[in-house]
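The values are calculated or read from the model by the stated rules, or taken from the named source; none is laboratory data. All figures in this text were calculated on a predicted structure; none of them were measured in a lab. Glycine also receives a Cβ, built like all others from the backbone with ideal geometry; neighbour counts cover every protein chain displayed.
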């Protein structure tokens, strides 16, 4: 007997859908991890080559967040429960 979660995870891995699902969950968790104030200055989020790219509308905020990017990498990966990204680029 296997749990339903194990069967679903296995099926996702077999179909190559586990990584895109985890990436989507990570992007969706940005507002919770970064907070509502920072999220309102966020225009676009996408992941390429294990790097999260975050487009911001405020240059001062961009500089502040760049100094804290490793903390955000850890928090976002913890929110998803898996090592999805290794770096963040604020642009």
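Structure summary
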| quantity | calculated |
| --- | --- |
| Lone unmet requirement of (1) surrounded by 14 or more Cβ atoms within 10 Å (Cβ to Cβ); (2) without any contact (Cβ under 8 Å) to a residue 12 or more places away in the chain for residue 61 | (2) |
| Region 23-33: number of residues that are touching a helix residue (DSSP H, G or I) at 6+ places or on another chain (Cβ under 8 Å) and either in contact (Cβ under 8 Å) with a residue 40 or more places away in the chain or surrounded by 15 or more Cβ atoms within 10 Å (Cβ to Cβ) (or both) | 6 |
| Qualifying position, being touching a strand residue (DSSP E or B) at 6+ places or on another chain (Cβ under 8 Å) and either within 16 Å of residue 79 (Cβ to Cβ) or at pLDDT 85 or above (or both), among 26, 22 | 26 |
| Residues within region 34-49 that are loosely packed, with under 14 Cβ neighbours inside 10 Å and in contact with a strand residue (DSSP E or B) (Cβ under 7 Å, 6 or more places away or on another chain), tallied | 3 |
| Residues being assigned to a loop (DSSP other than H, G, I, E, B) and either closer than 15 Å to residue 25 by Cβ or touching a helix residue (DSSP H, G or I) at 6+ places or on another chain (Cβ under 8 Å) (or both) - total across region 51-88 | 6 |
| In region 38-50, residue nearest to residue 22 (Cα to Cα) [restricted to those that are outside any strand (DSSP E or B) and touching a helix residue (DSSP H, G or I) at 6+ places or on another chain (Cβ under 6 Å)] | 39 |
